[in-house]
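Enquirer: Below is the structure I would like to discuss, written out as structure tokens.
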Amino acid sequence: RERLGLYVGDVPDQLRDAIPVEMAPLERWALGDRLLEARLAGVSLARAAAAERGRGLLPPGALGEAALNDVTGVVEALVVEVEGLPCSQAAAVPVEVDITLPDGTSLVGTVPGVLQGTVVLRCTYSKLRPKHRLRAWAHFLALSAAHPGLAPSGITIGQAEGSSGARPRISAARLSPL
């Protein structure tokens, strides 16, 4: 049952029969997160916005366009920040980590999205919080311990407090090589 995710007696979710008039905060965040992921993958803003319209999750007409425009302002500000980094043109590759700590504990895994083999870059649509910095720090620390000759650094980019679609503010947290 758990492997297949198939449960006898499951009732499919009921479809909403109401037309959404405005987006809830979590829906707005999901929209921004999908747009940011698409833009960082090289998809044009027009194509990413068209995909969002096609999903049918936006409010109808001008209400949906207003929500989309509000989110795209922040997304484009984040993309500009990432593209302004010297390492941004490099392809992100995962780096394997396999080390044994002095107490015998093994640390095995993959650090995703490392640019130029040395920069751990994270970009999120969310407000930059300690959890985002901590995740980047853990990846940075694992990469530093596994490959000390690389002298890796880390950058975490997200929205700053007080950011809005009309006035996006971006925050970046940096980790220098050890």
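The values are calculated or read from the model by the stated rules, or taken from the named source; none is laboratory data. Just so it is clear, the model here is predicted, and its values are computed rather than measured. When the accessible area is computed, the model is the full protein with side chains, heavy atoms only, and any ligands, DNA or RNA have been set aside. Shrake-Rupley method; radii C 1.70, N 1.55, O 1.52, S 1.80 Å.
Enquirer: Can you tell me the orientation of helix 45-55 relative to the chain, as the angle in degrees between its alpha-carbon axis and the longest Cα principal axis, to the nearest 10?
Expert: Compared with the principal axis, the helix lies near 60 degrees.
Enquirer: On to the next question. With both partners inside the chain, how many of the DSSP beta bridges are antiparallel, as a percent to the nearest 5?
Expert: 75 percent
Enquirer: Per residue of the chain, what 222 nm ellipticity follows from adding -39500 (n - 2.57) for every DSSP H run with n ≥ 4, rounded to the nearest 500?
Expert: Dividing the helical sum by the residues of the chain leaves -12500 deg cm²/dmol.
Enquirer: A follow-up question, please. In degrees between 0 and 90, to the nearest 10, how far off the longest principal axis of the chain does helix 25-40 point, with axes built from Cα atoms?
Expert: The helix 25-40 is inclined about 60 degrees to the chain.
Enquirer: Let me ask something else about it. Indicate the gyration tensor shape class of the stretch 32-117 (rounded, prolate or oblate), computed on the Cα atoms with a ≥ b ≥ c the square roots of the eigenvalues: a/c under 1.5 is rounded; otherwise a/b larger than b/c is prolate and the rest oblate.
Expert: prolate
Enquirer: For helix 130-146, report the angle its Cα long axis makes with the longest principal axis of the Cα atoms of the chain; keep it between 0 and 90° and round to the nearest 10°.
Expert: 30 degrees
Enquirer: For a bin width of 5 Å, list the pair-distance distribution of the chain built from all Cα-Cα distances, rounded to whole %.
Expert: With 5 Å bins starting at 0, P(r) equals 1, 7, 14, 15, 14, 13, 12, 10, 8, 4, 2, 0, 0.
Enquirer: Given a 1.4 Å probe, how much area per residue of the chain is accessible, in Å²?
Expert: Value for the chain: 63 Å² per residue.
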